[in-house]
Amino acid sequence: MIYKTMSDYIKADFFTAADSLKSEGRAEYELSAPLSRCCTFRIGGLAELAVWPGDIEALSALVAAAESSGTRYYICGSASNILFSDDGFRGAVIFTTRLKKISVNGSTIRAECGVPLSLLAMAAQRASLSGLEFAYGIPGSLGGAVYMNAGAYGGEISQVLKSSEYFSPKSGRIYSLSADEHDFGYRHSRYMDRDDIILSAELELTPGDGNEIQRKMDENMEARRSKQPLDYPSAGSMFKRAPGHFTSALIDGAGLKGYKLGGAEVSSKHAGFVINTGDATAADVISLTEYISSVVFEKYGVRIEREVRIVGP
Ligand SMILES: Cc1cc2nc3c(=O)[nH]c(=O)nc-3n(C[C@H](O)[C@H](O)[C@H](O)COP(=O)(O)OP(=O)(O)OC[C@H]3O[C@@H](n4cnc5c(N)ncnc54)[C@H](O)[C@@H]3O)c2cc1C
């Protein structure tokens with residue numbers, strides 16, 4: 001089939017590349033894909049095209065084709081830290097969730113960017129390797145975790161990362177970065193300042209006792225279940241920690257627990273979470289977060305910054 005241009009945002013050469021990868025069984029795609037189905041918030045309009053590469057080379061090839069053809073694209077892992085626009089995305093959203101290879105070699109684990117953090121923590125536990133207990137229960141991918149230095153319960157990906165490999169859309173080449181080249185900070189890595197695509201990462205863990213590792217993972221999961229509104233769709237903590245403050249305590253102290261705007265609500269279980277009570281739109285969530293920030297600033301004089309990324313249209 002010949003496609004001249006699909007839209008102003010998806011060029012024919014990109015679609016041809018996606019189509020031929022699909023015919024080789026190396027990618028899946030969907031036209032007019034409901035983004036609400038693809039993210040943990042269960043919010044979002046249609047993406048003109050959603051693509052799921054099936055191997056690392058297919059991911060690099062798609063990004064290279066998008067870059068050379070002038071196709072607008074966005075890379076997602078598990079989309080657990082993203083609020084998609086109600087108007088969807090004009091262009092192609094590329095999801096890494098089918099890139100799930102893991103290999104263990106001594107105390108080093110190498111994994112592809114789409115591996116869910118919980119699966120990775122379980123693989124480490126099976127190999128009696130400690131260091132990823134904190135990641136158990138975070139619903140993101142390894143790529144997303146490296147991108148924003150995900151962390152919980154005193155652990156952070158930066159503490160175990162040995163190196164990462166990335167594809168540079170600018171040069172079309174693959175590079176490797178050692179741990180100290182990542183410029184890690186609180187919910188920050190150098191990847192946030194560039195367009196590079198994380199392909200895989202190597203983690204250096206510590207030999208430990210499998211039962212003790214499992215116990216710690218269960219304890220973390222129990223803490224999540226008891227403190228977080230896991231029975232509602234959300235993108236986790238809506239805001240970053242403000243220096244010297246627990247953001248959820250500020251929101252709670254401002255009397256906002258349970259405050260609802262449209263279908264979006266400040267969770268009464270954890271004030272740091274904005275939940276989708278069923279029919280929330282992205283506009284509801286954005287208005288609610290702006291309202292929360294302004295009330296917190298008025299009461300405490302503290303500016304709180306959104307952690308969740310808004311993507312599209
Ligand atoms: C219930 C719940 C609990 C959560 N708990 C925590 C927690 O305890 N700690 C925590 O840190 N976070 C938490 N989160 C947020 C989220 O799970 C993490 O931020 C996670 O690391 C995001 O990974 P992801 O694959 O979903 O990334 P996405 O949401 O898909 O993407 C986030 C960003 O990373 C970029 N990105 C993703 N993959 C790549 C790649 N391969 N190359 C380049 N860029 C990439 C995207 O472009 C985007 O900018 C929680 C979320 C939920 C819903």
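The values are calculated or read from the model by the stated rules, or taken from the named source; none is laboratory data. Please read these numbers as outputs of a predicted model, since none were measured by experiment. Don't worry about glycine lacking a Cβ; one is built from the backbone with ideal geometry, like all the others, and counts go over all protein chains shown.
Here are the numbers for the structure shown:
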item: Some residue of region 202-221 being closer than 24 Å to residue 63 by Cβ and within 12 Å of the ligand (Cβ to nearest atom); result: no
item: Checking residue 178 against (1) within 15 Å of the ligand (Cβ to nearest atom); (2) within 29 Å of residue 53 (Cα to Cα); (3) without any contact (Cβ under 8 Å) to a residue 40 or more places away in the chain, the condition it does not meet; result: (1)
item: Residue match in region 158-169 (condition: in contact with a strand residue (DSSP E or B) (Cβ under 7 Å, 6 or more places away or on another chain), closer than 23 Å to residue 218 by Cα and either free of Cβ contacts under 8 Å to residues at least 24 places away in the same chain or buried (at least 22 other Cβ atoms within 10 Å of the Cβ) (or both)); result: yes
item: Criterion violated by residue 91 - all others in (1) within 15 Å of the ligand (Cβ to nearest atom); (2) closer than 27 Å to residue 273 by Cβ satisfied; result: (2)
item: Residue count, region 280-292 (criterion: assigned to a helix (DSSP H, G or I) and either hydrophobic (A, V, I, L, M, F, W, C) or without any contact (Cβ under 8 Å) to a residue 12 or more places away in the chain (or both)); result: 7
item: Condition check for residue 153: closer than 22 Å to residue 80 by Cβ, touching a strand residue (DSSP E or B) at 6+ places or on another chain (Cβ under 7 Å) and aromatic (Phe, Trp, Tyr); result: no
item: Scan of region 121-139 for residues that are in a helix (DSSP H, G or I), closer than 13 Å to residue 152 by Cα and either touching a Ser or Thr at 6+ places or on another chain (Cβ under 9 Å) or at pLDDT below 95 (or both), ordered by number; result: 135
item: Options 260, 299, 240: the member that is in contact with a strand residue (DSSP E or B) (Cβ under 9 Å, 6 or more places away or on another chain) and touching a residue at least 40 places away in the same chain (Cβ under 8 Å); result: 240
item: Subset of region 113-163 [among the polar types (S, T, N, Q), over 21 Å from residue 38 (Cα atoms) and either in contact with a His (Cβ under 8 Å, 6 or more places away or on another chain) or near the ligand (Cβ under 8 Å from one of its atoms) (or both)]; result: 149, 158
item: Every residue from region 170-192 that is surrounded by 13 or more Cβ atoms within 10 Å (Cβ to Cβ), among the hydroxyl-bearing types (Ser, Thr, Tyr) and part of a loop (DSSP other than H, G, I, E, B); result: 189
item: Within region 260-280, tally of residues that are buried (at least 19 other Cβ atoms within 10 Å of the Cβ) and out of contact with any helix residue (DSSP H, G or I) (no Cβ under 7 Å at 6 or more places or on another chain); result: 6
item: Single match in 218, 195 (criterion: out of contact with any helix residue (DSSP H, G or I) (no Cβ under 8 Å at 6 or more places or on another chain), in a helix (DSSP H, G or I) and over 30 Å from residue 278 (Cβ atoms)); result: 218
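To keep it simple, each residue is scored yes or no on (1) aliphatic (A, V, I, L, M); (2) surrounded by 18 or more Cβ atoms within 10 Å (Cβ to Cβ); (3) closer than 30 Å to residue 284 by Cα; (4) within 14 Å of the ligand (Cβ to nearest atom).
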site	(1), (2), (3), (4)
31	yes, no, yes, no
34	no, no, yes, no
39	no, yes, yes, yes
47	yes, yes, yes, yes
60	no, yes, no, yes
86	no, yes, yes, no
